[in-house]
Each structure stands twice: as structure tokens, then as C-alpha cells.
Amino acid sequence: MPQHLSKKSASSAAGLSLRPRRESSGRNSYAETEDDVQPTFGSGGIYKNAAYEVLRRAERLMTTGDITKLAIDSGLIKCTGKTPENTMASALYTEVKKKPKTTMFIKPKEGLFGLKAWLTEPWLLNWLTTERIE
């Protein structure tokens, strides 16, 4: 199933439905049923999944602007807001800051993101040495 489908269209296409769940705040939200699990490229969030896929394909460090443009161009995210780049930046910066041990991303230099899996790649290790980044 294509990643860019919305939860509603993806679950409708699969003949699945979402069940209401009462949150601690008393509001209704929707929980996925066990059968309504969509494949993801990483863990959590449309923007983080899109960033993961863009970086995986590009195999190079990128800015959030470049990641966002490629994600939109390849249909991984749909631009519905006025500042998708800010949303992408917020998702990635927050992920790296709050989950440094479990995140799939790295931010070796301000404004550049990559995949943690690349930390053993010679090209990245050489670049980090050249930039004097530990």
C-alpha cells in the first residue's frame, strides 16, 4: 500500500475501520485495530517516515528543506500546510534531541541530517573527521 495514502483511505481500501478510544482527557480519538497496521519506513510520524525514505534513497546528508522537497516531489507527503519544511524540521530536531539513543537519525552538523545506520560508512567517517566533528 503506498505510504502517501491517508489513514482513512488506506483503511477503507483494506476494508478496515478505526475504533473510537476514550483518552484520559475524556475526548474520543481513534486507535488502530490490530489489522489496520500500515507499513512504515521508520518509527512514528509521516514526516519522519518520509525523511527516512528520502535519506535512504539519496544516501547523503541533507537539509530539512531538501528532504521536504524530495518527499513532496516523490509523493511521500502531501503539502497541505503553508510551511511543510518547518514541520519536517520540527519533527527531525525533536526526534534527535528527545531520543538520541533510539532515533534512526543523526544531526552531525547544524542543519544537516542523515541516518544513524551510516555511522559506520567510510564516506561519513571521513567527512566527520574533515569537519572535526566527534
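The values are calculated or read from the model by the stated rules, or taken from the named source; none is laboratory data. None of these values were measured; they are calculated from a predicted model. Because the Cβ atoms are built from the backbone with ideal geometry, glycine has one as well, and the counts that use them run over all protein chains shown. We work out accessible area using only protein heavy atoms, side chains counted, and drop any ligands, DNA or RNA first. Shrake-Rupley method; radii C 1.70, N 1.55, O 1.52, S 1.80 Å.
Here are a few things to note about the model shown:
- Subset of segment 59-98 (residues that are open to solvent by less than 30 Å² (accessible area, probe 1.4 Å) and of a type in the set (D, E, K, R)): Glu95
- Qualifying residue in segment 99-117 (condition: touching a residue at least 12 places away in the same chain (Cβ under 8 Å), at negative phi, open to solvent by less than 40 Å² (accessible area, probe 1.4 Å) and part of a helix (DSSP H, G or I)): no
- Of the residues making up segment 98-119, those that are hydroxyl-bearing (Ser, Thr, Tyr) and out of contact with any helix residue (DSSP H, G or I) (no Cβ under 7 Å at 6 or more places or on another chain) number 1.
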